[in-house]
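The values are calculated or read from the model by the stated rules, or taken from the named source; none is laboratory data. It should be emphasised that the depicted structure is a prediction, and the values quoted were computed from it without experimental measurement. Here the Cβ is made from the backbone with ideal geometry for all residues, glycine too, and neighbour counts use every protein chain on show. Please note that ligands, DNA and RNA were not included when accessible areas were found on the heavy atoms of the full protein model with its side chains. Shrake-Rupley method; radii C 1.70, N 1.55, O 1.52, S 1.80 Å.
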Amino acid sequence: LFYLEHSNKQMEVRRCMVRLLFILLFSVSVCYGQANRFAGFGSRVTFGCSSVTYLTKAQMFIDSSGITDTVEIRAIKELTKDLMDSCLWDSLYVVAPLVGSTNNSTRYNLISNNYQITWHGTGTFGAYGVQGNGTNFYGSFGFNPSVDYTSPFNILFGIYLGLNIDAVQSAIGSVNGVFAGYNIFPRTSNTLYSNSGETLGSSSYTNTDSKGLYLVTRKAPITAITLKNGITIATNLGILAFPSPTYEMLIGARSDSGTPLYFSTNKIGLVVVGRGLIYEESIRLSNIFQKFLNTLGR
């Protein structure tokens, strides 16, 4: 009797151990499968709030622009992932990283095939991006504020400049006949002027160094802000113009009722256009771009 009881207990112990082993193997299998799903195997993973995988989107840009530099390729992949992870990707129409050091490679928009840049005049291209000559060089990308902004209360545009220049030069902009519209004059007599659609002039701020990352955004009917390197430097409470300018926005100059003027001689390392962001989102976007620019040494 003792032998039978002992044998039954041993069998029960074995059955329990077998059940535990099956449970353990099942758990490991599930966890491993989930790890594969989210670790980026292939390019199946979807990051952040975008429905497009970051590896797929980054590779499309790399293939189109033809860039081969390993640092630039890594920077593009990290920028794409960071924008998707932060849920900012779908708020952007244009992110022009200006990589590859050629007229063609700097044309491309990371976000989509829309709004690709056409360069006019004589500029120079390098690891810093593009640089104008102050005479006839500018970029157009087919962005019409009156059509392509969903609302004058919902706007974002920005640019990175690599040099400290004090001159009457526009970094990016478009205005109509009464000078209402969108523009950034980074440093004119040590003053920054930015316009976010107002009819009653630009906001201004003392600025003794034009080098930096500028973002202008409006997410509400009244207040627009201008940030430099992630810090709010100007607030514009002016009355909005209706409608927005019907002339496309220019890079390295300003469209005055369709005529390019105020050509820049600065080095341009990044261009962004999108929907308006709240303050916290603007800071997040600025930090992402600063990381990208630092990776490239701009």
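Residues in the range 181-188 include at least one that is among the basic types (K, R), free of Cβ contacts under 8 Å to residues at least 40 places away in the same chain and more than 19 Å from L277 (Cβ to Cβ). For the range 71-100, a residue qualifies if it is charged (D, E, K, R) and within 12 Å of A58 (Cα to Cα), and the qualifying residues are E72, R74, K77, E78, K81, D82.
Once the range 207-235 is narrowed to residues that are of a type in the set (V, I, T) and in a loop (DSSP other than H, G, I, E, B), the residue that is modelled with the highest pLDDT is T208.
Picking from residues in the range 74-110 that are open to solvent by 20 Å² or more (accessible area, probe 1.4 Å) and part of a loop (DSSP other than H, G, I, E, B), the one that is nearest to G162 (Cα to Cα) is S101. None of S204, S194 is crowded, with 20+ Cβ neighbours inside 10 Å, of a type in the set (G, A, S) and either at pLDDT below 95 or not in a strand (DSSP E or B) (or both) except S194.
Scanning the range 111-159 for residues that are open to solvent by 30 Å² or more (accessible area, probe 1.4 Å) and among the β-branched types (V, I, T) yields T118, T122, T124, T135, V147, T150.
Among the residues of the range 160-185, the ones that are assigned to a loop (DSSP other than H, G, I, E, B) and either open to solvent by less than 10 Å² (accessible area, probe 1.4 Å) or not aromatic (F, W, Y) (or both) come to 14 in all. Checking each residue in the range 96-117 for being under 19 Å from K267 (Cβ atoms) and in contact with a helix residue (DSSP H, G or I) (Cβ under 6 Å, 6 or more places away or on another chain) picks out L98, V99, G100, S105, Y108, I117.
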